[in-house]
Amino acid sequence: MVAEDTDPTLSRSLRGYNSIVWGKASTPLHAGLTNSKGYTLVGDQITPGWVNATGGTIFQQQYTPTRTSTPRSRRTTVSPRRS
């Protein structure tokens, strides 16, 4: 979740992060993407207008299914991003 629709600076920072971690300088990225370290992206979604309740819901929807199905050492954490 990112602040792409309200914060262009954060969007640029996220593209830089994605470039380093995932090898793709874009956002949002599609779930299921893997990198050279074996990490799998479980979610990357915008929270429109940075509504905290919406961001929390999106986070829970992305995190809950992966919490038990992905080994902890191979799981990346999705953090709420403003949009």
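Here's a check for you: in segment 6-28, which residue that is under 23 Å from Val51 (Cα atoms) and in contact with a strand residue (DSSP E or B) (Cβ under 9 Å, 6 or more places away or on another chain) is modelled with the lowest pLDDT?
Applying the filter and picking the extreme gives Thr6.
Against the definition (at pLDDT below 85, among the polar types (S, T, N, Q) and buried (at least 16 other Cβ atoms within 10 Å of the Cβ)), how does Thr66 come out, yes or no?
yes
Okay, residues lined up against (1) over 12 Å from the mean Cα position of the chain (by Cα); (2) within 22 Å of Thr9 (Cα to Cα); (3) at pLDDT below 80:
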position	(1), (2), (3)
His30	no, yes, no
Tyr39	yes, no, no
Gly43	no, yes, no
Gly49	yes, yes, no
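Only one residue in Thr54, Thr6 is hydroxyl-bearing (Ser, Thr, Tyr) and in contact with a Gly (Cβ under 8 Å, 6 or more places away or on another chain), so which one is that?
Answer to the check: Thr6.
The values are calculated or read from the model by the stated rules, or taken from the named source; none is laboratory data. Not measured: the values here are computed from a predicted model. Glycine gets a Cβ as well: all are built from the backbone with ideal geometry, and neighbour counts include every protein chain shown.
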